[in-house]
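Visitor: Take a look at the following structure, please.
The values are calculated or read from the model by the stated rules, or taken from the named source; none is laboratory data. It should be emphasised that the depicted structure is a prediction, and the values quoted were computed from it without experimental measurement. For neighbour counting, all protein chains shown are included, and Cβ atoms are generated from backbone atoms with ideal geometry for every residue, glycine included. To get the accessible areas, we keep the full protein, side chains included, count just its heavy atoms, and leave off ligands, DNA and RNA. Shrake-Rupley method; radii C 1.70, N 1.55, O 1.52, S 1.80 Å.
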Amino acid sequence: MSNDFSIGDRVRLIALPPYIKTADPMPMLRSSSLVMLGEEGTILDRRPGNYWSVRFAKGAYLIDQQYLEVVKNS
(Lines give C-alpha, C1' and ligand atoms only; values in the text may rest on other atoms or scores of the structure.)
Protein backbone atom coordinates (compact mmCIF):
# COMPACT_ATOMS: atom_id res chain seq x y z
CA MET A 1 0.00 0.00 0.00
CA SER A 2 1.33 3.40 -0.96
CA ASN A 3 0.63 6.51 1.12
CA ASP A 4 2.08 8.81 -1.53
CA PHE A 5 -1.13 10.13 -3.06
CA SER A 6 -1.37 13.16 -5.32
CA ILE A 7 -4.39 15.12 -6.45
CA GLY A 8 -5.83 13.43 -9.52
CA ASP A 9 -4.53 9.94 -8.63
CA ARG A 10 -6.85 6.97 -9.18
CA VAL A 11 -7.26 5.06 -5.91
CA ARG A 12 -9.00 1.86 -4.85
CA LEU A 13 -10.85 1.21 -1.60
CA ILE A 14 -9.01 -1.75 0.00
CA ALA A 15 -11.09 -1.94 3.20
CA LEU A 16 -14.44 -0.49 4.28
CA PRO A 17 -14.39 2.03 7.12
CA PRO A 18 -17.18 1.71 9.71
CA TYR A 19 -18.69 4.95 8.36
CA ILE A 20 -17.73 7.66 5.86
CA LYS A 21 -18.02 11.44 5.84
CA THR A 22 -19.21 13.44 2.89
CA ALA A 23 -16.64 15.87 1.45
CA ASP A 24 -19.10 18.77 1.71
CA PRO A 25 -18.22 22.09 3.42
CA MET A 26 -20.14 20.70 6.42
CA PRO A 27 -19.34 16.96 6.35
CA MET A 28 -22.04 14.50 7.39
CA LEU A 29 -21.59 10.90 8.50
CA ARG A 30 -23.01 8.30 6.13
CA SER A 31 -23.17 4.54 6.01
CA SER A 32 -20.12 2.97 4.38
CA SER A 33 -22.56 0.96 2.23
CA LEU A 34 -22.54 3.91 -0.21
CA VAL A 35 -19.19 2.67 -1.51
CA MET A 36 -18.08 -0.86 -2.32
CA LEU A 37 -14.88 -2.67 -1.44
CA GLY A 38 -12.61 -2.41 -4.48
CA GLU A 39 -14.40 0.67 -5.85
CA GLU A 40 -12.13 3.14 -7.61
CA GLY A 41 -12.20 6.90 -7.29
CA THR A 42 -10.13 10.03 -7.90
CA ILE A 43 -8.27 12.04 -5.26
CA LEU A 44 -9.71 15.58 -5.11
CA ASP A 45 -7.64 17.03 -2.26
CA ARG A 46 -5.85 16.40 1.05
CA ARG A 47 -7.56 17.06 4.37
CA PRO A 48 -6.09 17.23 7.89
CA GLY A 49 -5.60 14.00 9.83
CA ASN A 50 -4.55 11.70 6.95
CA TYR A 51 -7.91 12.08 5.22
CA TRP A 52 -8.33 12.43 1.47
CA SER A 53 -11.31 13.77 -0.41
CA VAL A 54 -12.12 11.09 -3.00
CA ARG A 55 -14.71 11.27 -5.81
CA PHE A 56 -16.50 7.93 -6.21
CA ALA A 57 -19.46 7.11 -8.50
CA LYS A 58 -22.01 8.02 -5.80
CA GLY A 59 -20.32 11.17 -4.50
CA ALA A 60 -17.22 12.60 -2.83
CA TYR A 61 -16.21 11.33 0.60
CA LEU A 62 -13.43 11.86 3.14
CA ILE A 63 -11.51 8.60 3.41
CA ASP A 64 -8.60 7.84 5.77
CA GLN A 65 -5.47 6.93 3.79
CA GLN A 66 -5.29 3.49 5.48
CA TYR A 67 -8.34 2.43 3.43
CA LEU A 68 -6.85 3.46 0.06
CA GLU A 69 -4.22 2.29 -2.42
CA VAL A 70 -3.06 3.84 -5.69
CA VAL A 71 -4.34 2.08 -8.81
CA LYS A 72 -1.37 1.12 -10.95
CA ASN A 73 -1.64 1.80 -14.69
CA SER A 74 -1.05 -1.36 -16.69
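Visitor: Quick check: pseudo-label points 7 Å beyond the Cα along Cα→Cβ at THR42 and ALA60, how many nm apart are they?
Guide: In this crude label model, THR42 to ALA60 measures out at 1.1 nm.
Visitor: Also: Hey, if we sort THR42, THR22 by accessible area with the 1.4 Å probe, largest down, what's the order?
Guide: The residues order as THR42, THR22, largest area first.
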